[in-house]
Amino acid sequence: MSNAVSSSSSSFVPVEIQDAIQIIDEHKQFNKQILDYISSRSRQPGDYRIISVFGSQSTGKSTLLNHLFSTNFDVMDEVNRQQTTKGIWMAVSPGVSNSLPANAHVPPENILVMDVEGTDGRERGEDQDFERKAALFALSTSEVLIVNMWESQVGLYQGANMGLLKTVFEVNLSLFGKAKLQNNDHKVLLLFVIRDHLGVTPMESLAATITQDLLRIWEGLNKPVDVAHLAFDDFFDLAFHTLSHKVLQNEKFLDDVRSLGNKFLDTSSESFLFKPNYHHDIPIEGWTMYAENCWDQIDHNKDLDLPTQQILVAKFKCDEVAAQCFEEFAKVSHELKNIAVTATQSTEPIDYKDTGLGFQDMKQSVLEDYDLGASKYNKSVYQQKRASLAEKIDSTLQDVFAIYAKHLVTTSLKAVSAGLSRKTRSGTFVEAMEKLKQSSAHDFSQSLALISLDGALDTRPFEKEYLAELEQLVSKQQIVELNSILSKALKKLNNGLSTCFVEELANPSELTWDHILEKFQALSKSALSKYETEEGDYDFRLGTLPSMNKRALKTFDFKSWELLDDLIHKYISKDNLLNILKDRFDDKFRYDENGVPRLYQNTKELEGSFSESKTHALKAFPILTVARLSDGTEVIPKYDVRDKKLKRQYETVREEKEAEEEDEDEWDSEDDENQRAFAELLSESEKAEVMAKFKREMDAKFVETKRSIMQHVTQIPYYIYIVILVLGWNEFMAILRNPFFFTLLIMLAGATYVMYSMNLLGPASIVVQRMANEALGLAKEKLREFVVDDHMQHGHNMKKMTTNDIELDNLSEEST
């Protein structure tokens, strides 16, 4: 090594001035600058191959490496023949000697070459601890272990390092035995390079001898029971190559070296040495850590489990790469959450497909970055850590996903609500609701799947929430439709009962309430008859539960009786009852049995008719003040329709849970003091008031009618008409001679005849008489007002004069 520290030096020096680096010195210290050296010397980033050389001291190991891999390890001083390489050294091969076509000497990967301190050196004497540990380290970290030996050493035990190899084989079982039981196909290539080959003994014979020795050693190993069945070739592959004498046959030696180099480069050759299963599946960034851990285990004589060490390194490095990738992702995810909040608060619709693709691109980008840095490590660890990273990404995106999912739940339910409120539906309500539920659930699930990263994000809570809310919406709409059916039925019942009340109240009788109750029961049954099933139950064709249908029937029952109560008090109030009595009285008092208006001739006839008419009118009074059937029993409703609690309970059809909660909260009851029985239509005070008004008004009619009779009975004597005729003869003749008056007389006579022929003279005379009476009454009233007003004015003036006199008297007294 020119201008560099020699291989025999035992101190670590800066990497930038070294052709090779001492990775383990003779004091068993590990150099932590290996990665810096490799990074500075590698021609290009990428994969790597590691080759170690192993053999006796002064057998030309460093010389072989320098010629084969173009390295610059120190070689032995042939004069002094002392130890050259101390510890373990490493160099990056700038190129492999070969005889391939031009430019083919550049290896496709970086080749790292380790030069291991020779065995059986006089410097260490009988201390073989480092030799064993160095050989074990080379075996555990290399893909190809070159065993450098002279042709004369073939067949020897110590000279061929067979004793050391036996130790290495035993340790190798502990390294890879458990992995082999798990179908691990990793192997190490033992490349025996036989130096100073004269050609007398063919290479095949030498190879057979070495192979027999190795197999004999393998058979003699103390193998653990669980790996005793494993063979030599389960762990090792063998390759052989001979080199001519370097000094005596230098050109032939160089040709042999180039021939060996071809085996490291020519991938198309059957003798290509770098097999895939030789690699440790650890990238160079992790190999240095792996090598340090291996040496620590070996140096402290601990049981070395190489697969475990590889996994530990892979875990550490994969965790490191994953942490870096996730840190970058976390920065972006915060902004993504802000975008989600803004998007869900906007009125613009969200494109869930683009949003989902954005999630996938972001996740894939992070995983690709992870793959770039971690895919070279142990595959199972790499995949495990990749899955963990994916879970962390999913967990972070779950928060963003939740924002979109909640918004999707809200908007989807609004759309369903709008669909439920539409009146234009095809088919039955159940069919329309089922179709709407299926389509909305499908659209919701499809949109949710678009942003769920192909199911990686948990959609179940939102699907469960949506379906629950959807069922609740449909249930509410069922109740709306159910209440609508009941409202229509009650309207039909109201119309039928109103007609019945009008008919019955026109002519009340003892059977009035029987007829009303029968009509009520018939209409109540027919109102919902189309929903009655063959079994006697009711199905409103809304998909409601039987319990809800029963509750609807109870509500209809209560509302029916409540409607009956309302109609009773609508048609039978104080004023209406008074009008009914008056109408009944007038029908009897003013008209005869044929409906002809009555004209009373005397007071006796009037008094008889008045008494009869009043009795007829009051016959309806007990019927219309108490709802009593013909058998004497009062009408008793199925429910107490005036109870506040029942009114609230049966106001509308509601969910059973909602009704129960309201029942618990609204427990107050109606004040019983102001309540009366359902059948009691008017209170005693109201009855008395109606009777008093009726009596007063009927008495007034009686007096008025009697007055008209008295006026009719008090007639002018007949002889007066003769006197008028005699005394007014001239005036009468003047009228006949005057055309105008004569025409007027003819018209009056004609009108009188027409009324006579139509039997209307009686009613006409009554009308004329009433008009005369009204005119007379009006004249009397005006005269009375005039007289009373004049008298009151006179009294007022007298009072004023008296007051003035009193004031004057007071003044006189004061003056005195």
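No lab work stands behind these numbers, since they all come straight from the coordinates. If you're wondering where the values come from, they're calculated on a predicted model, not measured in any experiment. With ideal geometry, Cβ positions are generated from the backbone for all residues, glycine too; neighbour counts draw on all protein chains shown.
Side notes on the structure shown:
- Table column - 3J(HN,Hα) (Hz), region 372-381, Karplus curve with 6.51, -1.76, 1.60, x for Gly and Pro: 4, x, 10, 5, 7, 7, 3, 4, 5, 5
- Backbone N atoms of region 450-491 closer than 17 Å to the 7 Å Cα→Cβ label point of S526 belong to residues 488-491.
- Converting phi to 3J(HN,Hα) with the Karplus coefficients 6.51, -1.76 and 1.60 and the offset θ = phi - 60°, region 50-60 yields 10, 10, 10, 10, 9, x, 5, 5, 6, 9, x Hz in sequence order, with x at every glycine or proline.
- For R49, the residues whose modelled amide H falls within less than 5 Å of its own, excluding neighbours fewer than 5 places apart on the same chain, are N110, I111, L112.
- Two-site label geometry, V768 and K252: point separation in nm, points 7 Å out along Cα→Cβ: 17.6
- All Cα pairs of region 518-595, percent lying beyond 16 Å: 66
- Tail beyond 16 Å, pair distance distribution of region 328-429 (Cα, percent): 66
- Using only alpha-carbon positions in region 530-650, the gyration tensor eigenvalues give semi-axes of 48, 16, 12 Å once each is multiplied by 5 and square-rooted (largest first).
- Site pair A506 and V480 shows an inter-label distance of 4.2 nm when each label is modelled 7 Å from Cα along Cα→Cβ.
- Region 489-704: projected area of the alpha-carbon convex hull, averaged over directions, in nm²: 15.6
- The calculated FRET efficiency for the pair N277 and S365, based on their C-beta separation and a Förster distance of 35 Å, comes to about 0.60.
- Available extension along the chain between D557 and N576 is 4.1 nm, counting 0.36 nm per residue and deducting the alpha carbon span.
- Three-way shape label, region 334-388, alpha-carbon gyration tensor, a/c 1.5: prolate
- Multiplying the residue separation of H569 and S685 by 0.36 nm and subtracting their alpha-carbon distance yields 40.2 nm.
- Relative contact order of region 312-458, taken over Cα pairs closer than 8 Å and 6 or more residues apart, is 37 percent.
- Entry note: region 419-560 has Rg to Rh equal to 1.21, where both radii use alpha-carbon atoms and Rh is the Kirkwood radius.
- Working ranking of peptides 227-236, 53-62, 472-481 by packing, defined as the average number of other Cβ atoms within 10 Å per residue, highest first, is 53-62, 472-481, 227-236.
- Over 30 Å (Cα to Cα) - which of K133/K187; K550/K644; K645/K695 fall in this group: K645/K695
- Residue-wise HN-Hα couplings along region 262-275, as the Karplus relation 6.51 cos²θ - 1.76 cosθ + 1.60 with θ = phi - 60° gives them from phi, are 4, 5, 8, 10, 7, 5, 7, 7, 5, 8, 4, 8, 8, 8 Hz; Gly and Pro carry x.
- Sorting D256, D319, D47 from the fewest to the most surrounding beta carbons within 10 angstrom yields D47, D319, D256.
- Simple label model, 7 Å out from Cα along Cβ direction - S487 to S757, nm: 6.3
- Segments 111-117, 240-246 sorted - mean Cβ within 10 Å per residue, highest first: 111-117, 240-246
- Length added when fully stretched, K331-K32, from 0.36 nm per residue minus Cα-Cα: 104.3 nm
- Amide H to amide H, with H built 1.01 Å from N, G55 comes under 5 Å of T119, N148, counting only residues 5 or more places away or on other chains.
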